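In what follows, a single structure is set out as structure tokens and then discussed.
The values are calculated or read from the model by the stated rules, or taken from the named source; none is laboratory data. What you see is a predicted model, and the numbers here were worked out from it, not measured in a lab. Cβ: placed from backbone, ideal geometry, glycine included. Neighbour counts: every protein chain shown.
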């Protein structure tokens, strides 16, 4: 006697691919047991699998992704280079402004040398410096200077100066010169000198 009975119920169902699945149920001691599927469903599944593999193996979009990545990298490099160029330009401008301020301070030293009224007999009191400033039109539009000339005292003239020791004295002075340039640039120099006198 056979263990399985004849099929007694069928459940045809539509599949997403258009095929049909046939369920054939057998009864054995009250337990359902076997499922049969139409062969056409397997061919449809195979075609779907091939289509999926073709889609996964498609590399047409990778070129676009690589191009976008390269474009992003070039953009970052360009921005970094632009910032470096701006920093270098700023450093060069600051260096130029500082040089202009230093030249203004040096011009102040030359101005003192040509202004004997700053270190004459009226400026012979230690601790009471004489102030001066740049005349109008002497320097550039954004340059100026100011400073002081201070009397430090008298001493013997240095050897080799061409004057007899004891007859003349060296009146020592110190001038402090401050030069100003564009963008608030500032430079300060100090110069010591002496003048011969009795």
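Summed over segment 118-137, the residues that are part of a loop (DSSP other than H, G, I, E, B) and surrounded by 13 or more Cβ atoms within 10 Å (Cβ to Cβ) give a count of 6. Residues that are part of a helix (DSSP H, G or I) and over 32 Å from the mean Cα position of the chain (by Cα) within segment 59-81 comprise 60, 61, 62, 63, listed in sequence order.
Considering segment 120-138 alone, what residues qualify as being more than 19 Å from residue 192 (Cβ to Cβ) and touching a strand residue (DSSP E or B) at 6+ places or on another chain (Cβ under 7 Å)? Across segment 120-138, the qualifying residues are 133, 134.
To keep it simple, each residue is scored yes or no on (1) at pLDDT 90 or above; (2) out of contact with any strand residue (DSSP E or B) (no Cβ under 9 Å at 6 or more places or on another chain); (3) assigned to a strand (DSSP E or B).
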{"residue": "150", "(1), (2), (3)": "yes, no, yes"}
{"residue": "155", "(1), (2), (3)": "no, no, yes"}
{"residue": "158", "(1), (2), (3)": "no, no, no"}
{"residue": "161", "(1), (2), (3)": "no, no, no"}
{"residue": "171", "(1), (2), (3)": "yes, no, yes"}
{"residue": "174", "(1), (2), (3)": "yes, no, yes"}
{"residue": "178", "(1), (2), (3)": "yes, no, yes"}
{"residue": "189", "(1), (2), (3)": "yes, no, yes"}
{"residue": "192", "(1), (2), (3)": "yes, no, yes"}
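Only residues that are more than 25 Å from residue 142 (Cβ to Cβ) and either modelled with pLDDT of 90 or more or not in a helix (DSSP H, G or I) (or both) were counted in segment 82-117, giving 2.
Applying the set (1) touching a helix residue (DSSP H, G or I) at 6+ places or on another chain (Cβ under 9 Å); (2) loosely packed, with under 11 Cβ neighbours inside 10 Å to residue 101 leaves exactly one unmet item: (2).
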